[in-house]
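Below you'll find the structure, written out as structure tokens, and then a few comments.
Read the figures in this text as sums done on the coordinates, not as results from a lab. Keep in mind the model is a prediction, meaning the values are calculated, not measured.
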Amino acid sequence: MPQIVVLPHVELCPEGAVIDAKPGESVCDALLEHGIEIEHACEKSCACTTCHIIVREGFEALEPSEEDEDDLLDKAWGLEPTSRLSCQALVPENDDLVVEIPRYSINHAKENH
Ligand code: FES
């Protein structure tokens, strides 16, 4: 079973986490199932950017993003070359992932800036 290593996030998982994920489920679902309450404002329908993650390892193992996802990601806070929307990125069959949840989502960015 692939594992997802979640790097520490101040609010969502201060200690970081290592979770067992099912191949083919979205990274967002895998995190939520394990109590990491990543935002998912559009209910995982690829219409917001609040579920943004940065894939630190295993990015190449993911299916490439669709155009819709890329368009949205352009608006995400803290975009990086290996950014993905976690509701669209599916857990690979055999590869582990290391993911970082950005400090802010676009919702926070609006509130704080
Ligand atoms: S939850 Fe909105 S794009 Fe993923």
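The Rg/Rh ratio for segment 21-78 is 0.93, where Rg is the radius of gyration of the alpha carbons and Rh is the Kirkwood radius.
Under 5 Å between amide hydrogens, built in the peptide plane, is the criterion, and for His52 it picks out Ser86 among residues at least 5 positions away or on other chains.
Sorting the Cα pairs of segment 3-100 by distance into bins of 10 Å, from 0 upward, gives 17, 56, 27, 0 percent per bin.
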